[in-house]
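The values are calculated or read from the model by the stated rules, or taken from the named source; none is laboratory data. Because the structure is predicted, anything quoted here is derived from the model rather than measured. Every residue, glycine as well, gets a Cβ built from its backbone with ideal geometry; the counts of neighbours run over all protein chains shown.
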Amino acid sequence: MNYIILLFSLVIFLLPAASSLAAGSSEKLTEKLTAQWGRFENAQQTLITRMGDKDLSYSNKSFTRLEWERLYLEEIEKRFGIVIRINPSFQRTESAEILYQQMQEFLKLPQNKFLVGIDFLDNEKGHSALDKGQAIYGSLLAAVKKGESSLRRTMHSGELGDPRNPRDSILLGSERLGHGVLLEQDLVALEYAALKKNPA
């Protein structure tokens with residue numbers, strides 16, 4: 001997740017420079033890129049300093065990584081007013097056992113304003129929403145119903161593969177379907193999605 005945040009942040013920092021392309025001036029583009037990159041480096045340096053003050057260091061442990069990301073995002077938001085929210089994804093090509101373990105570890109993480117939900121994505125062919133999705137969404141939905149989590153639920157479903165995937169995604173508690181085009185093959189599921197107001 002670190003790489004995604006860094007790349008996403010870098011893209012946002014460099015977006016203002018892209019407007020120079022319309023003017024056709026490569027010198028202006030270079031100047032703006034340099035200025036934006038400097039701001040990005042300053043934010044990183046401030047974060048590293050704050051991490052040192054808090055005696056934090058990067059490791060592969062989930063909590064340390066999450067804390068690192070939280071500090072980084074707080075600094076970006078405070079310094080530049082850029083708001084970033086994270087919707088971590090789970091890969092449907094993993095086994096149901098691994099997905100279940102990943103969700104159990106994920107639910108142990110402290111909640112914060114940056115983590116807003118989850119997604120389930122990857123090639124749908126041979127990886128049905130029902131068979132693998134319940135390993136993730138069952139645990140999360142139970143936590144939500146107990147008031148232990150406020151994470152939202154998205155599932156990439158109905159682009160390829162089993163046409164029952166969109167229906168099963170909704171039944172598993174998904175609030176939003178990524179794609180959902182296969183709903184047209186299941187009119188009952190399409191009506192159900194409309195009643196539930198599930199955006200696709």
By residue number, the members of region 77-101 that are under 17 Å from His156 (Cα atoms), out of contact with any helix residue (DSSP H, G or I) (no Cβ under 6 Å at 6 or more places or on another chain) and of a type in the set (D, E, K, R) are Glu94
Mind listing just one residue for me: the one in region 168-190 that is touching a Phe, Trp or Tyr at 6+ places or on another chain (Cβ under 7 Å) and among the aliphatic types (A, V, I, L, M) and, of those, surrounded by the fewest Cβ atoms within 10 Å (Cβ to Cβ)?
Leu172
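Is at least one residue of region 105-128 among the hydroxyl-bearing types (Ser, Thr, Tyr), in the same structural domain as Leu182 (by TED's automatic domain parsing), closer than 18 Å to Arg153 by Cβ and not in a helix (DSSP H, G or I)?
Of the residues in region 105-128, the ones among the hydroxyl-bearing types (Ser, Thr, Tyr) are 128.
So of that shortlist, the ones also in the same structural domain as Leu182 (by TED's automatic domain parsing) come out as 128.
Still in the list and also closer than 18 Å to Arg153 by Cβ: 128.
Next, only the ones that are not in a helix (DSSP H, G or I) stay: 128.
Yes.
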Kindly list, by first and then second residue, each pair from a residue in region 158-169 that is at pLDDT below 90 to a residue that is assigned to a loop (DSSP other than H, G, I, E, B), limited to pairs with Cβ atoms under 6 Å and residues at least 6 apart or on different chains.
Gly158/Gly180; Leu160/Glu124; Leu160/Lys125; Gly161/Glu124; Gly161/Lys125; Asp162/Ser128
